[in-house]
Amino acid sequence: MSVYAAHDVLELVGIYVFATSGALMAIRKGFDVVGILILAEVTALGGGVLRDLIIGDIPPAAFTKTSYLLLPMLAAAVTFFAHPVVERLNTTMLVFDAAGLGMFCVTGTLKALDYGLGSFQAVVLGVTTAVGGGLLRDITARETPTLVQVDTDLYSIPAAAGATLVAAASHTDLPLPAVAVGAAIFVFLFRVVAMMRHWTAPRAWERHRRTG
Amino acid sequence: MSVYAAHDVLELVGIYVFATSGALMAIRKGFDVVGILILAEVTALGGGVLRDLIIGDIPPAAFTKTSYLLLPMLAAAVTFFAHPVVERLNTTMLVFDAAGLGMFCVTGTLKALDYGLGSFQAVVLGVTTAVGGGLLRDITARETPTLVQVDTDLYSIPAAAGATLVAAASHTDLPLPAVAVGAAIFVFLFRVVAMMRHWTAPRAWERHRRTG
Amino acid sequence: MSVYAAHDVLELVGIYVFATSGALMAIRKGFDVVGILILAEVTALGGGVLRDLIIGDIPPAAFTKTSYLLLPMLAAAVTFFAHPVVERLNTTMLVFDAAGLGMFCVTGTLKALDYGLGSFQAVVLGVTTAVGGGLLRDITARETPTLVQVDTDLYSIPAAAGATLVAAASHTDLPLPAVAVGAAIFVFLFRVVAMMRHWTAPRAWERHRRTG
């Protein structure tokens, strides 16, 4: 399978898994089927839409390929009927989610570079692609964003590390497709290990010391 | 009165009623006059601004015709002074709101088609136009979005049905203005009947069965 | 120092102070370092990004000059380590924040006029530039927006007054740079006096009278 075919498959897997996490949150919050659908779409596509509005790819990719809008619908429908099963697959879902995280932060960074943004800006937009949907999901569902909670395993920091690798490599002679694959795998492993070891990001320094 | 004149009048009515629903929520939440104004503007124009940013009509229509920004101000001012009266008009407001819902989902779909988006995308953006402002209102006011609550009468589903009618008709020889009027009336009636009969959307299947 | 050099310095000060207010809120809410960083960036740049997406300056200014993204990182880092000191500087921070408010509402209005928007639209976008970041900060942190609370000192109203001055002057022969400086100083003083005298905006009329 070529890098590009693998990319296409992984992207669809990532969208599906992100959408499922949105649908599951909607179900946990007792939302109706409309809420399940909205949270699935927002979680799966929100980060990419933010990125595309900012870099100027308008209409955003999410609105140009029908599979992007349809896949979260499918994920919402499956979760709607099979959510007890889906919730039991929690660990599996988290592993796929880590793959999605790796994918989206790398492709988001590459797309921003393609559109002529600076390296640093591309890193920020790569991370936005990967974590923006989850942030919008939490805001819509009135949850404190998972992203900012102290007791959650590292999520955005692996994404930032991977995005930085890609942006840095774009200034070298290294073959970017290979770097991209490597960075995505690195993010995936970093996130998986962070979950296994429960690595968390620190609170503010002083407060941490007092309460530690 | 021509279809176009009727459209213009209905659009202003829709904006006014949506703005009033934002202003009333701000008053119920005890917000100050700035909050009343912000929620009025966000509710009335938020859905259309989201649509325009995505399809690339920039600046969004809300920022090109002064009446679009002024009308929510007027609604906020009237509600500010007369809100006990306005709240007693609740049923009247809900009927006008249903008219706005029909209007905005149809015009949103047509505009997205005009800008070259696919039929499915146009349906999503039509619904976004109609319900996006209310969603942003709820998020800003820290309310669980009405849109996703199980005990609320159908709102987005009539909009989705109407938007689908319009998008489907755009592939046929049917005269689009007539279809648009018909679809808007259909959405209006669907929503009004949903309120009268308290039709609601289901929760996730398993949970619904257990608690049912 | 020329008006333009003063503008550049003041803008950086404004971004820094806005970012600090985001970082402090994240620390008060017990968020981790990622949350501190996100709230710093969102608060400092969110208003300008909204404005730029609407007027069509894409990519938004925040993504074209590296200092715009870096400065909130610096503010987040300083606040992370020194937040007890930073919180003791509360009054100082509020004064700088008032300077930022004056700056951003004036430059936001001027930029919207430059992009060909109408005077009224430019006023709305000037206020959006100045207060949008704080609104997004509060929404992300799940706080009731400071902007809409009845017991908070006037904030958006001085900004609206200053933006109106600038937009009105753009229709006259008055030298716009001088007017801009004057308007920014006016907003600054208006806000400072509002804080000293605890000027607040009214609730809805009837409710205010009953509970007053």
(request) Compute log10 of I(q)/I(0) for segment A:65-199 with the Debye formula, placing one identical point scatterer on every Cα and leaving out solvent, at q = 0.14, 0.16, 0.19, 0.20 Å⁻¹, to two decimals. (result) -0.70, -0.89, -1.16, -1.24
(message) Suppose accessible area is computed on protein heavy atoms with a 1.4 Å probe; arrange A:114, A:153 from highest to lowest.
(response) A:114, A:153
(request) Could you work out the mean count of beta carbons from other protein chains within 10 Å of each residue's beta carbon in A:125-135? (result) 1
(message) What distance in nm separates the two pseudo spin-label positions at residue B:28 and residue C:176, each 7 Å out from Cα along the beta-carbon direction?
(response) 4.4 nm
(request) May I ask you to work out the translational diffusion coefficient for segment C:27-104 at 10 °C, viscosity 1.306 mPa s, via Stokes-Einstein with Rh from the Kirkwood sum over Cα pairs, reported in whole µm²/s? (result) 116 µm²/s
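Run lengths n ≥ 4 of DSSP H only: what is the helix-derived mean residue ellipticity at 222 nm for the protein assembly as shown, with -39500 (n - 2.57) per run over all residues, to the nearest 500? Before the final figure, lay out the partial values.
Values: 24 runs with 486 residues, N = 636.
That calculation yields -26500 deg cm²/dmol at 222 nm.
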(message) Just to confirm the numbers: residue B:174, label point 7 angstrom along the Cα-Cβ line, distances to the other copies in nm, shortest first?
(response) 5.6, 5.6
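For peptide B:50-57, compute the average count of partner chain beta-carbon atoms within 10 Å of each residue's beta-carbon.
4
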(request) Leaving out ligands and nucleic acids, note down the accessible area per residue over chain B with a 1.4 angstrom probe, in whole Å². (result) 42 Å²
(request) Provide C:157, B:185, C:54 ordered by accessible surface of protein heavy atoms (probe 1.4 Å), highest first. (result) B:185, C:157, C:54
(message) Show me, for segment A:123-129, the HN-Hα J-couplings you get by feeding each phi into the Karplus relation (A = 6.51, B = -1.76, C = 1.60, θ = phi - 60°), rounded to Hz, glycine and proline as x.
(response) 4, 4, 6, x, 5, 4, 4
(message) Along its three principal axes, how long is segment C:34-79 when you only count alpha carbons? Whole Å, largest extent first please.
(response) 33, 17, 12
(request) Leaving ligands, DNA and RNA out of it, work out the accessible area of residue A:29 with a 1.4 Å probe and give it in Å² to the nearest 10. (result) 80 Å²
(request) List the distances, in nm and shortest first, from the label point of residue C:151 to the matching label points in every other copy, placing each point 7 Å from Cα along the Cα-to-Cβ direction. (result) 2.9, 2.9
(request) Shortest first and in nm with one decimal, please list how far the residue C:89 label point sits from its counterparts in the other copies (point 7 Å along Cα→Cβ). (result) 5.2, 5.2
(message) Amide H of residue C:150 versus every other amide H placed in the peptide plane: which residues, excluding those fewer than 5 positions away on the same chain, fall under 5 Å?
(response) B:32
(request) Note the buried accessible area between C and B here, summed over both chains, with a 1.4 Å probe, in Å² to the nearest 100. (result) 2500 Å²
(request) Have a look at the protein assembly as shown and give its Rg and Dmax from the Cα atoms, expressed in angstrom. (result) 24.2, 72
(request) Please quote Rg/Rh for segment B:121-171 to two decimal places, taking the Kirkwood radius as Rh and restricting both calculations to Cα atoms. (result) 1.06
(request) Express in whole angstrom the spacing between the alpha-carbon centres of segment B:7-69 and segment C:74-150. (result) 22 Å
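The values are calculated or read from the model by the stated rules, or taken from the named source; none is laboratory data. Predicted model, so just to flag it, every value in this text is computed and none were measured. No Cβ is skipped: glycine too gets one built from the backbone with ideal geometry, and neighbour counts run over all protein chains shown. In case anyone asks, the SASA skips ligands and DNA or RNA and just uses the protein heavy atoms, side chains included. Shrake-Rupley method; radii C 1.70, N 1.55, O 1.52, S 1.80 Å.
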